[in-house]
Every structure is written in structure tokens, then in C-alpha cells.
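See structure below.
The values are calculated or read from the model by the stated rules, or taken from the named source; none is laboratory data. All values derive from a computational prediction rather than experimental measurement. Methodologically, a virtual Cβ is constructed for each residue, glycine included, from the backbone with ideal geometry; neighbour enumeration extends over all protein chains shown. Side chains are part of the model used for accessible areas, which takes the heavy atoms of the whole protein and leaves out ligands, DNA and RNA. Shrake-Rupley method; radii C 1.70, N 1.55, O 1.52, S 1.80 Å.
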Amino acid sequence: MSEIKLLFAGPMGAGKTTAIRAISEIEPISTEVANTDLIESNKAETTVAMDYGELTLDTGDKLRLYGSPGQKRFEFMWPLLAEGALGVVVLLDNSRTDPLADLHDFLAAFDTQIGAGRVVIAVGRLDSHPHPSLDDYVAAVSRRGQFLPVVDADVRQRDDVIGVLEVLFEQLNALDLGDSPGANEGDEWMRFVDQARVQ
Ligand SMILES: Nc1nc2c(ncn2[C@@H]2O[C@H](COP(=O)(O)OP(=O)(O)OP(=O)(O)O)[C@@H](O)[C@H]2O)c(=O)[nH]1
Ligand SMILES: [Mg+2]
């Protein structure tokens, strides 16, 4: 039995709180307050500290799901929340003003985790806002000399969020985890990926 920490990061309104709510088996702990920055994101509430949810696998292994606050003024919290995380999901929102600029901000913020192969990018609202395309994201990542998976997801859909975690775990499975957090969890990743597929 093991406990695995994952972090959902990304800009304001990308859907970190929504994604955790979609898959958590407990009522998520959230720190929402009224959103006063309606220009940045036109939604009623915003996270000011973190989200927390849990997902226990059939094996008994527990995923501890953390979500970061998206507002730039909370940027200092991103590395704190990423500490000890086995993997990071960066959620982007294609309807924002400049999603490729968001991409670069978050690639910079999670440079260490990307270098360690622990990051996946998930882009939302591609159906209503097809540009930039997933290929544009992949090209922007590779121009930086980085490599990581880029997928599309509707974070309101549980299956989509599970699908993003599958991609993350496939990526983690390919790593030689050495002495890092979750070093002995390779088998659990595979089991998780298998389970996730049959759900
Ligand atoms: N129409 C539409 N809405 C979406 C889609 N994906 C996410 N949303 C909505 O976008 C909003 C995302 O809000 P949150 O989950 O609070 O976003 P967040 O990333 O936690 O934002 P902060 O905590 O403020 O950083 C929710 O109202 C979702 O229902 C989509 O594909 N289409
Ligand atoms: Mg939030």
C-alpha cells in the first residue's frame, strides 16, 4: 500500500478545482473565495490556498490530489505544493488570451519536474477554441528543448481526467525512479493504468 502525491497546476480558470472534484472519492477540501479578478477569469470563485482530494485504487494505493491556486500572486506556492509530488498535471485553457504564454510560464515554473519526466500538459476547451492546436503546443515545447506529453481534456469529465493520469503514469513508468519519491511504485503505476482503462 502506498500513498502518491500528484499536483494539478495551471492558470486561473483552467480547471484544477474542477478536475479534482471530478475524480475525488471524498468531498474535496477547497479554499475558494469570491473572485474579484473577473478580467483574468470570469468565474464566481477562485482558489486561494489549495485543493485537496483523494482517489483510492482497487489495490488500496491512495492518490493524494493537490490543486494549486492559479492566480499569479500565489506563484510562490506552486513549488511548495509540488514538493514531494510524484507527478504534475499542468492544465491549460485554450480560451484564455494567450495560452502559449501560459504554457511558457508553467514550463518555466515546473522546469525541475519536467527535466525529471514527471509532467503532462492537458489543454482544455479545444473544441470551442481550436487555436493554438495541440501540434502548436508540442512545437512550442520542443523549441525549448523539452519533451513532455500534451493531450486534450475536458476536466469536467471524470474519464478525461483519468485519461490524463494514465498518460502521466505511462510517462512515470518509463522512468528509472531511483531513490526518488515513489521509487518502488513502478508496479502500482502499471496496475493503475490497467484499472483506469477498464473503468
Ligand atoms: N464550457 C466549458 N467549461 C469548462 C471546460 N473545462 C472547464 N470548464 C469550466 O471552467 C471552470 C474552471 O474553474 P475552476 O475549476 O475553478 O478553475 P481553477 O483552475 O481551479 O481556477 P483557480 O482556482 O481560480 O486558479 C469551471 O466552471 C468548469 O466547469 C470546458 O471544456 N468547457
Ligand atoms: Mg481552483
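Brief remarks follow.
- The GNM of the chain, with springs linking C-alpha atoms under 10 angstrom apart, assigns the highest mean-square fluctuation among ARG73, ARG156, ARG96 to ARG73.
- For THR56, distant residues with modelled amide H under 5 Å away: GLU25, LEU63
- The orientation-averaged shadow of the Cα convex hull for region 47-158, equal to a quarter of the hull surface, comes to 7.7 nm².
- Simple point charges give the picture: +1 on the Cβ of Lys and Arg, -1 on the Cβ of Asp and Glu, and for the chain a dipole about the Cα centre of about 360 debye.
- Computed FRET value (nearest 0.05) for THR36 with ALA108, which takes r as the C-beta separation and R₀ as 35 Å: 0.85
- A simple spin-label model places pseudo-atoms 7 Å from Cα toward Cβ; at PHE147 and ASN173 they are separated by 1.8 nm.
- Net charge, SER30 excluded, C-beta distance under 12 Å - Lys, Arg +1, Asp, Glu -1: -2
- Placing R0 at 45 angstrom, the Cβ-Cβ distance between ASP127 and PHE76 gives a FRET efficiency of 0.85 after rounding to 0.05.
- Other residues with beta-carbon under 13 Å from the beta-carbon of LEU100 carry, at +1 per Lys or Arg and -1 per Asp or Glu, a net charge of -3.
- Residues whose placed amide H lies under 5 Å from that of ASN35, excluding near-sequence neighbours: GLU45, THR46
- Accessible-area composition of the chain, carbon plus sulfur, in percent [1.4 Å probe]: 50
- The helix-based estimate of mean residue ellipticity at 222 nm for the chain, built from -39,500 (n - 2.57) per DSSP H run of four or more residues and divided by its residue count, is -10000 deg cm²/dmol to the nearest 500.
- Per residue, the convex hull spanned by the Cα atoms of region 3-198 measures out at 112 cubic angstrom.
- Highest-fluctuation residue, SER133, SER68, SER30 considered, GNM on the chain with Cα pairs under 10 Å: SER133
- Cα long-axis angle, helix 134-143 against the chain (0 to 90 degrees, to the nearest 10): 80
- Rolling a 1.4 angstrom probe over the protein heavy atoms with all chains in place gives region 3-198 an accessible area of 47 Å² per residue.
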